[in-house]
Structure formats: structure tokens, C-alpha cells
Amino acid sequence: MSSVESFSLEKGRGGGGTGLERSAEKISLLRMVFGCAAIGTLLIAALFAPWIAPHDPTLDDLFLINMPPAWLNDDLAYFGIENAWAYPLGTDSLGRDVTSRLIYGARLAVIVGVSVACLAALAGVILGALAGFYGGWVDNVISRIVDVWLSFPPVLLSIILVAMLGTTLTSVIIVVAVIDWTRFARVVRADVLQQRSRDYIDAARITGGSDLSILIREVLPNVLPLLVTLFFFEIGIAITVETILSFVSLSVSSGAATWGDMIAEGRRVINEAWWVMAFPVGALVITILGLNATGDALRFYLDPVLRK
Amino acid sequence: MSLLQVDSLSLGLRGTPVLRSVNLTIEASEIAGVVGESGAGKSMLGKAILGVLPRDVTVTGGAIRLGGTDLLALRPRARRALLKRDMALIPQDPLSALNPCRTISAQLAEVLPRGTVDAKLEVIRWLDAVRIPSATKVAKSFPHVLSGGMRQRALIAAAFASRPKLVIADEPTTALDVTVQKDILNLIREMQRETGVGLMFVTHDLCVVAKICHSVTVMHGGRVIEQAACTDLINRPGHAYSQALLAATPRPDQAGQGLEPVPTALIERMIAGAGDG
Amino acid sequence: MARLLVTIGSIFLTLLGVSVVIFVILRLVPGDPISMMLPPGATDEVRANLERLYGLDKSIPAQYVIWLRNVAWLDFGMSTQFRLPVMEIILDRLPATLELVLLASLIALVLAFAFSILAVWLQVDSATLAIDGLAGLAQAIPDFLWALIFILAVTLFAPMMPISGRFDPRTAQDFATNFYLLESLVTFRFDAFAELMRYAVLPALALSLPLAAGITRVLKGALEEAMAQDYVMLAQTKGKSRLAIVLGEALRNAMIPTIALTSVQLTFLIGGTVLIERQFSWPGIGSTAISAVINRDLPLIQGIVLVFALIFILINLASNELYRAADPRLRTER
Ligand SMILES: Nc1ncnc2c1ncn2[C@@H]1O[C@H](COP(=O)(O)OP(=O)(O)O)[C@@H](O)[C@H]1O
Ligand SMILES: [Mg+2]
């Protein structure tokens, strides 16, 4: 989670005059296409896992231990199978099919990522909006809490919290959300503070809107593009943190088909079977890059100021 | 031989012309005024002569000679050396033309000619020369403690301290308070007289031109409209655009008159007419 | 002077807040350290004795007060896992973490400055796009994943490269301190230094990449902005070359926004050591922290969390001072 904080919030580039701007535009479009493809694949794998996966992801087979990916598998007789492509990405140290585990892992990744992002965004937006809109002691209290939050190494904090709540899917989701709400809160607070000082908020007050309706009608639409980007980043962060927790054997009970469990297992047997770790790492990298690209692009298309 | 000779210089900004075949001659010890409305290409002309054009603006034709040397034919290193030795700029906006992170003395000392023995002393001498009070203290300080007028004085000192042959002043008083404009103008004229440099004085104010320049070049839309000795132009403007420009300028002897801007359509018609006949 | 007192006061307040939060969270952790220390079949009496020894028989507020009083005397209690004073363990392992952090920051700074200055100096579209792309990639992928990618790459393509530990225990050298890298440098044992670097470079690189990318983005943007200023044009008329202008005029101004960002990102880097140390079996306080959590070693966790919080706070202070020093407009206002 540490450096995931540093996800770029760089402004998109609009218009096109110089060669640099035109290439940037082209690259931005390519990133959007790549991002949608990556997210689409992830969603399809997650939704249709039982139909796509060739095998049961948790089924051990002692005769198929550490079998290489199909295109490297030149000893079919040893494993006693006829078609290497029955196990396209090989098997792990318990003989489980890497392909199937990867596909089912996408399912958990989507569940964790989306739930965490929703919870963190909800909590962060509410608290950040309260702090920014009311100011005074409300702001002081919330900002102090954010300060203390930021003085903990986030990875260590999440490990401690998961140890406390138990290693279930729900607790992992809650923990990551509890740690990451500050990201949303800070952005929303800053933006609300800025918007509040503008005239049209006063105008809305004078024409007699309630505080809540002013917030929802006038302020939130302005923060929305940034929130959408953060939301996509947060999905990637949550998936990474789940992997990290699995890696230190603190997530969803080990043996389940998650990318984190595969990576932890793969790290142990890396000298005998590199593919056990390589494919989930690759899936994770592509997922994160895809989420980033889509978040950036969406912000660009949603934000009238940036687009101009 | 003239000090500076610009021969049918053309500049282009990615295809669109910025300057069209501009000619300009400046003699040693002369103050040559360049006037025109904002966007006429005055600054671009100055930058082209100095060789500090923005990246996407290129020279598309013509020649620039300084004391006989063809500047455009020089290699970058030789051009920089010549620029450092023989030319200097007094910029338009003194607030942004000094590096906020470097002391005044550092920014002045680096222009002193090669072989200056006591740079510190020389810097203070120059600050005194442009009448900056408590020069010793100012030399050690950073630009932000100085007012706009004081910064422009420091920049004038920097321009003349390199002992150049040609100084280009690009609207040096435009960004300043009206109250200090006259002082700065007088200072520049005085420094020019003492050092005998050729001075290209860019302005949009004919009034200023009338006061200090020997010759005037009137520019519009990247073209030279009229070139004449200063007194001639003020008294007998040859071109309709110059007449309009002159009419729009409040003259010191006719205070309160004029000041109406020249309608663009009218200008265009006048220029077109000039081209025809 | 007043400013100094206020900052010291706020350091103590934040540390106090951190210590309360961590103390309360830890007392709620299920599973108790005493059971982990006891041999199977120990009597209740032995257990009660141990609980008293570690002060676990009192109420949580009482425990906190006792702990705080001891901390005032720099006594962080005994680790239940190692049965050693927490202070001793931290002092033993902190040097390894500090060296890793230092090396990673150094790599990040060198990479970031080299690439930003290169991009702005060259001013070539293709180079600028390539550097932007690299920075985007380096920043999007978290350090944890970079570490895994390096481990994979080493296993597949360079099996001679070590991916575990700080040095080869078979060729262990004598060091007077735990700052092996620094010590080997200052005592001119360059072959030992090279050997140690082989172990340190991968974890340090994994830590440094996201930071390097973050600094590159801000620094490059700030440099580009500075290069568009009038004082740069004036510097050109003084006959300076583009490189001289980038280094001599623009860089100082670009440093100001860069310092502010770097301090925030540096705390992420330090937080990242927790995992990176675990991934590369690096014997610092980060990997110690994870094993302390897994073994419910409460005093050790408290101590390490406080050390991290202190480091975070000190970095923020240092960056504030640097920021003031870098910007003359702030310096004289004091
Ligand atoms: N940095 C720049 N890059 C590209 N074009 C410019 C730049 N600055 C000015 N121009 C264009 O060049 C033309 C001449 O500008 P300039 O020489 O600054 O006018 P003046 O100094 O007479 O007001 C204008 O049409 C303007 O649009
Ligand atoms: Mg101009």
C-alpha cells in the first residue's frame, strides 16, 4: 500500500497543437483502450469463472505437481497426461491448475477491490465533506484523525488490524477501507473548502437550500471527476493489499484461490516452479495498470476544465 | 558600416508568418525606436536579433548582421559568445526577469566582461551608477525585497555592465508605475549617452519615441510600415497608419486630446491601400 | 525560538496520539502472547507469574500509564518473542532499515534528477514521451510488486544474484557497527562493500522506483515551468548554454515544489520497508514488525510503530526546514 499512494493524479492533456500534445493525445487514447480491455477481461473472468476455468481451482493432484506451462511441457509421459493444453499455465506444488486458480482469483480480486473502494469512498466523502463544509471543530477533529492515521506505516497497520479482526474476507475488506478512507477524505475536504469560498454556494444559501442539498447539488459534481479516478486507483490498491496480506499469510484462509495465495505459494517454490508466481504477478500488474489508465482517462473525459 | 543590419528578416510560427521581410538598421550610438501595437512582432524582432526565439518560432529568411558578422551563420557556441560580449536585453517585466532564487550580485556579476578583477566592487559600482540606494545591501539580497522600479534599475545595470555594443530595451517601462516610468526612461537615455551603445528601443508609445529616439520604425502585423527619422515621422507621418497612430497618441502639447484607439478595420484598409500604391 | 517549541510540542502530541491508538488496538488483538511463550501443559501459577512479569494482569489504562512512564525513561519493555529489551532489538535492527532507506532514497534522487534534467535539457519530443511513460509505469506499480518482479527476473535470468538477506553468512565479515554498508565504505573495504551492495541493490531499487517516478514528475514539470520564465530568457542573453541554464537557473526554483512532494513520498518509501524487508529477508525493523504481529509480541510492536511514527514526523520537519531554506522569499520573512 505504501507507494501505491503515489498513484499519479496528473492532469490529462487536452487539445492538440504541438507534436508532443498530439502524441500525448494518441497515447491517452491507447491507454483507455488498454484499460478497458484489461478491466473487461477481469470482469469476464470474475463473472464466468465456473464456466471458463478448466479445472476445480482447489483440487490437489499429487501426480501433477509443479507441471510447467503447456508450451514448455516436454515430458507428458512423466505427468501421465495426453494433452499438455489441458493445463495451459501448468500446475502448482500441490498439483492444482494455475489457470483455474488465476481465473477464480480474479473473482476475489473484483469482490475485494470494488467493496473496499465503495466503503472507503463512502466514508471518505462523508467525513471529508463534513470537515470541509462545516469547518471549525468538526474539521479540526477529522483532520487530526487523518494526521494520526498518516503517521502509521499503512502496511503495518493493516497487518495489525487483520490480526485483530481475524483473517476473513469481510475483515480484509473492512481493514483496507478503514485505512484508505483518508485518501478520499483529504481530496474531498480540500475541494469542498475551495468550492465553499466561491460565490455560487452563497447564492444557493441565499435562495434557501439546506446544507445537504447544497452539498449534493453544487459541490459534489465538481469533485466527481477526481473521485472517479481515485475510485479506480483504490480498486487497484485494495487488490494489491489483499495480495500483500495473503503474502504474509494473513488473508482469506490459505489454500483459497486468490492471487495473493498463489504469489505466496509461488515465492516458496520459485526455484522449482517460477510459473506459479509469474502468472498472478502478471495478472496483478496488468490489472493495476488497466485500472490506472481507465481512471486517468475517465477523469479527463468527465472534467470539462481538463477537456477544454 | 552600421552596427546592426537586419535584412528582409522573416519568422514563422509552424507555418504562419510572424515577421515578414523586416529591414532595420541601427548605427552605433543611435537610439532606434520600434513602435507598433501589441502583437505587431516587436518583441519577436528583438528576440530574433538576440537569438533567443521561442522553440517553435523559426527564422524563415533574411539575415542579421552585427558589425558585419552574419549572426545566423554562426555556430551556436560562437553565437552565444558574441551574444554575451556584444548584446544585452532590458526586459519588459522586471518582476519575472530576475531569478528569485539568486542574489542580485550573482545575477549581475556573471555579465561582467572577462578579466574583471574585483567583481564584487564592480557590481556595487554599477548598482550605484543606476542610483540604487544602499547598493552594498541590495547586492547581497534576493530580488523579492526590491520594488519593481528598483529591479528594473538592477536589470539596466546588468544590461550595461557587460559593456555591449547593442542594447535592446523591450518596453522597459510598460510594467512599471507611472511615477517611476519617467525616471527609468531618463536613466536608460543617460546610460546610453555615457556608454555610446546602439539602443533598440521597443515601445507602443509614440510619445516616448518622440522624446528619446533618433529614428523610428513603425510595425504592424509583422511588417514594417514606415521608417523615418524621428522628427520627420512626428511632424510629417508618411503613412496613413502612422498618422492614425500619431493621432491616437496624446501629445504633451495638446494634453487631454486624442486617446481614441484606431479601429482595426481602418488599419487593415490603410495597410492594404499602402500595398496597392 | 517559539516556532521550535511549537514544533517540539506538536511532535509529542502526535506521538502520544499514535501511542494511544496503537496501545488500544493491540489490547484488542485476540490471542495472547503469554500462551505463545508457555510450554504445553504449563500450570496456571506459571501463567499468572508470567502475566505479572509482563504487566498484563492490570487494566488497559493502568497498563498504558505504566508503559508511558517507562517510555519516558526510554524503557520500551521486554519483547515476549525474543525475551530481550525492545530497545535493544530496535537498536540492533534499525541500522539495516536505515541503510536500506538511505540507499533507496539515493537511487531515487539520482534517477529522478538525471531523467528530469535530461528530458528538459534535450527538449526532444520522443525522449520526453519515453521518460513520461517510464515514470508513469514506475509509479503505477507498487514497490511490493516491483520486488516480486525483480525476484522473478533474478530467478529466471540471473540465478547468481542474491535475493535474500544482507550478506552471505559463509563469508561474514567483522563489523563494529550494524551499518555494514557505511562502515565498509569509511574503512575502505571496497570488496566487502561491493558484496554487500549485491544484496542491497534489488530491495533498494524496488523501494526506490515509485519514489523516483514521483520526484521525476514533479521535478520535470517544475523545471519545464521554470524554463518558460523571463529570467531564463535573460540568462540566454547572457550567453549561457541550455544545460547551464537548466542547472544554474531553473533547478533551484524547481527544487521548491519538489521538496514538498518528496517528503510525503519518502514516508511511503519507509512504510514500504515493512514488506520489502520481508520479501528479501532483510533483517531490519520492518520484517521484525511483521513477525512481532504474527507472534503477538505487543511491546515490540508498540516500540517499532513509535519508531516509524517518529521517523515520519522528523522527515516532515526536515522537509519544512529545507523548504524554507530553498525559497529565499520565506527565508527573509522570518
Ligand atoms: N512564445 C510565443 N510562441 C509563439 N508565438 C508567439 C509567442 N509570443 C508571441 N507570439 C506571437 O508572435 C506575434 C508577435 O508577438 P510579439 O512580438 O510578442 O508582439 P509585440 O511584442 O509587438 O506585442 C504575435 O502574433 C503572437 O501571437
Ligand atoms: Mg512585446
So which of B:K42/C:K238; B:K84/B:K165; B:K84/B:K140; B:K42/C:K240; B:K47/C:K238 end up more than 19 Å apart, counting from Cα to Cα?
B:K42/C:K238; B:K84/B:K140; B:K42/C:K240
Under the helix-only model (-39500 (n - 2.57) for each DSSP H run of 4 or more, divided by the residues of chain B), the mean residue ellipticity at 222 nm, to 500 deg cm²/dmol, is -11500 deg cm²/dmol
Once the principal axes of the Cα atoms of chain B are found, what is the range along each, listed largest first in whole angstroms?
60, 48, 33
Taking placed amide H atoms and a strict 5 Å upper bound, the residues 5 or more places from B:I168 or on another chain that come that close are B:A88, B:L89, B:I90, B:M200
When the convex hull of its Cα atoms is projected in every direction, mean area for the protein assembly as shown (nm²)
51.3 nm²
May I ask you to list the aspartates and glutamates whose Cα is less than 19 Å away from that of C:K58, ignoring any residue fewer than eight positions away on the same chain?
C:D32, C:D44, C:E45, C:D75, C:D297
What order, most packed first, do the peptides A:236-246, C:68-78, C:91-101 have when packing is the mean number of other Cβ atoms within 10 Å of each residue?
A:236-246, C:91-101, C:68-78
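Sum up the charges of everything whose Cβ sits under 15 Å from the Cβ of B:S105, counting Lys and Arg as +1 and Asp and Glu as -1, but leave B:S105 out.
Taking every other residue near B:S105 into account, the sum is +4.
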Return the lysines within reach of A:K26: Cα separation strictly under 19 angstrom, same-chain partners fewer than 8 residues apart disregarded; answer none if there are no such residues.
A:K11, A:K308
Please report the equivalent ellipsoid semi-axes of the stretch C:94-243, computed as sqrt(5 x eigenvalue) of the Cα gyration tensor, largest first, in whole Å.
37, 20, 12
Debye equation applied to the C-alpha atoms of chain C, log10 I(q)/I(0) at 0.10, 0.12 Å⁻¹:
-0.76, -1.00
Taking the alpha-carbon centroid of each part, what is the distance from the stretch C:62-137 to the stretch C:187-260 in angstrom?
19 Å
Determine ³J(HN,Hα), in whole Hz, for all residues of the stretch A:263-270 in sequence, where each value follows from phi through the Karplus function 6.51 cos²θ - 1.76 cosθ + 1.60 and θ = phi - 60°; x replaces Gly and Pro.
5, 4, 4, x, 4, 5, 10, 4
For the stretch C:253-334, the fraction of alpha-carbon pairs in successive 5 Å shells from zero, as %
3, 14, 19, 17, 14, 10, 9, 7, 5, 2, 0
Once phi is turned into θ = phi - 60°, what whole-Hz ³J(HN,Hα) does the Karplus curve with 6.51, -1.76 and 1.60 give for every residue of the stretch B:199-206, x standing for Gly and Pro?
10, 9, 10, 8, 7, 10, 10, 5
Order by protection proxy (mean Cβ within 10 Å, highest first), peptides C:147-154, B:75-82:
C:147-154, B:75-82
Between chains C and B, total accessible area buried, probe 1.4 Å, no ligands or nucleic acids, nearest 100 Å², roughly 2200 Å²
If you find the alpha carbon centre of the stretch A:211-247 and of the stretch A:123-178, how far apart are they in angstrom?
14 Å
Taking every residue of B:89-97, the Cβ atoms of other protein chains inside 10 Å of its Cβ average out to 3
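Students often check this: by mean Cβ neighbours within 10 Å, which of B:138-146, B:97-105 ranks highest, and how do the rest follow?
With the highest mean Cβ count within 10 Å placed first, the list reads B:97-105, B:138-146.
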Among residues other than A:A123 whose Cβ falls under 11 Å from its Cβ, what is the net charge (Lys/Arg +1, Asp/Glu -1)?
0
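Report for the protein assembly as shown the percent antiparallel among DSSP-assigned beta bridges with both residues inside it, nearest 5.
60 percent
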Pair-distance profile P(r), taking every C-alpha pair of chain A, with 10 angstrom steps and integer %
6, 23, 27, 22, 14, 6, 2, 0, 0
Coordinate range along principal axes, alpha carbons of the stretch C:2-72, Å, largest first:
59, 21, 18
Per residue, how much space in cubic angstrom lies within the convex hull of the C-alpha atoms of the stretch C:131-217?
124 Å³
Expressed in angstrom and rounded, the centroid-to-centroid distance over alpha carbons for the stretch A:58-104 and the stretch B:8-73 is 73 Å
What list of ³J(HN,Hα) values in whole Hz, one per residue of the stretch B:143-152 in order, does the Karplus curve 6.51 cos²θ - 1.76 cosθ + 1.60 (θ = phi - 60°) give from phi, with Gly and Pro shown as x?
x, 5, 7, 9, 6, x, x, 5, 4, 5
For C:W282, residues with placed amide H under 5 Å, excluding near neighbours:
C:G165
The answer for the net charge of residues other than A:E242 whose Cβ lies under 13 angstrom from its Cβ, with Lys and Arg +1 and Asp and Glu -1, is -2
Estimated [θ] at 222 nm from DSSP helical runs (n ≥ 4, -39500 (n - 2.57)) normalised by residues in chain A, nearest 500
-23000 deg cm²/dmol
Residues of C:304-310, mean number of Cβ from any other protein chain within 10 Å of their own Cβ, rounded to a whole number?
3
Long-range amide H contacts for B:T217: which residues qualify at under 5 Å (H placed 1.01 Å from N, peptide plane, sequence gap of 5 or more or a different chain)?
B:G33, B:V34, B:V35
Inside 10 Å of the C-beta atoms of A:274-281, what's the mean count of C-beta atoms belonging to other chains?
3
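The values are calculated or read from the model by the stated rules, or taken from the named source; none is laboratory data. All of these numbers come straight from a predicted model, not from anything done at the bench. No Cβ is skipped: glycine too gets one built from the backbone with ideal geometry, and neighbour counts run over all protein chains shown. Heads up: the accessible areas ignore ligands, DNA and RNA and are worked out on the full protein's heavy atoms, side chains in. Shrake-Rupley method; radii C 1.70, N 1.55, O 1.52, S 1.80 Å.
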